[in-house]
Structure formats: C-alpha cells, structure tokens
Amino acid sequence: MNEPQGEPISEHRGGCHCGNLRLTIRLPRPPAETRLRACGCSFCRAHSTRTTSDPNGSVDMRASDWSLVERYRFGTGTAEFLICKRCGVYIGAIGDTASGTRAVLNVNCLEDQAAFTQTPQPVDHEGEAADDRLTRRAANWTPATIHSS
C-alpha cells in the first residue's frame, strides 16, 4: 500500500474531559481511512483504547497545567502514557526515538472520534525487545511536539 505524500489533509482536535490536556493531530488521510489499533496490553485494554499514528502526520500536545498530567510508565518504560490527573482521561503515549519525539494517540479523546470508523486491528507487542520497540515507534508513530509552557 502506498502512503500518501505531501501535506496532511485532515486536522483533528481533542483532549481530556476537563480540558487540561489538549491536542491537535494532522493526518494524511481522512478519518474513515485512518487505520486504528486495539493494543492488547493490560493498560490499553483497561482504557478501551482505539489508537492511531502516522509517520507522515504531526501532533501538538499542550496542557494548561502540566502538574495535573500523569506521565505513567510501565513495562519497558520506553514511553510515557499521558493521563489527566483531574479527569482520568488517557490521550496517548509519547516517546523519544532516534527520529525525535513520537506519539500514538487515543482517538477516543478526539472531538470527532465518531468519524474514525475503521475497525481497530488487534496488536500485541508482548516480548518485543526495547531496541526493536524504539525502532518500530520511530518508523510508525506520529512526530510530536510537546508544548511544556
């Protein structure tokens, strides 16, 4: 399958329930064509996530108050799962890679989440070596800018 090239054509806004965490994601395809994943890890299953990422897109993440953001790490500790401490919403995970900061987003936190209609494909990264995990994220996750002020 050929990936679309050029400027992202689809911009989406979202964040946590209380509005402390906000994000804008730009994707190279419309929501109905955007691939979704259902991660099999216990964290994602507990949050009923539908996630997406695209290395040809971009995402900006902001918080009104970063002290109200839990940067939860588990497993290999190679990603931070961003959860609002006030309302409990998980918006996505970020990680540093050789290609820069990358993110995977929980589309359930987007204002237009219903437009993302693909059936989430199950994924399971259990047993994946940390180096392989970072390489996969560098290649597949979305370039991210975290606005800390």
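Pairs meeting the criteria (first residue in segment 31-56 and in contact (Cβ under 8 Å) with a residue 12 or more places away in the chain and among the hydrophobic types (A, V, I, L, M, F, W, C), second residue surrounded by fewer than 16 Cβ atoms within 10 Å (Cβ to Cβ) and in a loop (DSSP other than H, G, I, E, B), beta carbons under 6 Å, at least 6 apart or on different chains) are ALA32/THR117; LEU36/GLN118.
Regarding segment 72-82, can at least one residue be identified that is without any contact (Cβ under 8 Å) to a residue 40 or more places away in the chain and either of a type in the set (S, T, N, Q) or more than 30 Å from GLY127 (Cα to Cα) (or both)? Let's see the steps before the verdict.
Of all residues in segment 72-82, those without any contact (Cβ under 8 Å) to a residue 40 or more places away in the chain come to 72-75, 77, 80-81.
So of that shortlist, the ones also either of a type in the set (S, T, N, Q) or more than 30 Å from GLY127 (Cα to Cα) (or both) come out as none.
The answer is no; no qualifying residue exists.
Under 9 Å between Cβ atoms, which residue pairs at least 6 apart in sequence (or on different chains) link something in segment 118-135 that is among the hydrophobic types (A, V, I, L, M, F, W, C) and modelled with pLDDT of 85 or more with a partner that is open to solvent by 60 Å² or more (accessible area, probe 1.4 Å) and in a strand (DSSP E or B)? The qualifying pairs are LEU134/ASP96.
Determine which member of the set ARG62, ARG13 is touching a residue at least 40 places away in the same chain (Cβ under 8 Å), part of a strand (DSSP E or B), surrounded by fewer than 16 Cβ atoms within 10 Å (Cβ to Cβ) and under 14 Å from the mean Cα position of the chain (by Cα). Talk me through it step by step, then tell me what you get.
On the way: ARG62 fails: surrounded by fewer than 16 Cβ atoms within 10 Å (Cβ to Cβ).
It is ARG13.
For every residue, the table says whether it meets (1) within 17 Å of LEU27 (Cβ to Cβ); (2) among the hydrophobic types (A, V, I, L, M, F, W, C).
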| residue | (1), (2) |
| --- | --- |
| CYS44 | no, yes |
| SER53 | yes, no |
| ARG62 | no, no |
| TYR72 | no, no |
| CYS84 | no, yes |
| TYR90 | no, no |
| THR145 | yes, no |
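Here LEU36, LEU68, LEU82, LEU23 are screened, and the one residue that is open to solvent by 30 Å² or more (accessible area, probe 1.4 Å), at pLDDT 95 or above and not acidic (Asp, Glu) is LEU68. Taking the criterion of being more than 14 Å from the chain's Cα centre (by Cα), part of a loop (DSSP other than H, G, I, E, B) and under 19 Å from ARG137 (Cα atoms), the residues of segment 79-100 that qualify are ALA98, SER99. For segment 44-59, the set of residues classified as open to solvent by 20 Å² or more (accessible area, probe 1.4 Å) and more than 11 Å from the chain's Cα centre (by Cα) consists of ARG45, ALA46, HIS47, SER48, PRO55, ASN56, listed by residue number. Selection of segment 101-117 for residues being open to solvent by 30 Å² or more (accessible area, probe 1.4 Å) and of a type outside the set (A, V, I, L, M, F, W, C) yields THR101, ARG102, ASN108, GLU111, ASP112, GLN113, THR117.
The values are calculated or read from the model by the stated rules, or taken from the named source; none is laboratory data. Keep in mind the model is a prediction, meaning the values are calculated, not measured. Please note: Cβ atoms are built from the backbone with ideal geometry, for glycine as well, and neighbour counts cover all protein chains shown. Note: areas computed on protein heavy atoms with side chains; ligands, DNA, RNA excluded. Shrake-Rupley method; radii C 1.70, N 1.55, O 1.52, S 1.80 Å.
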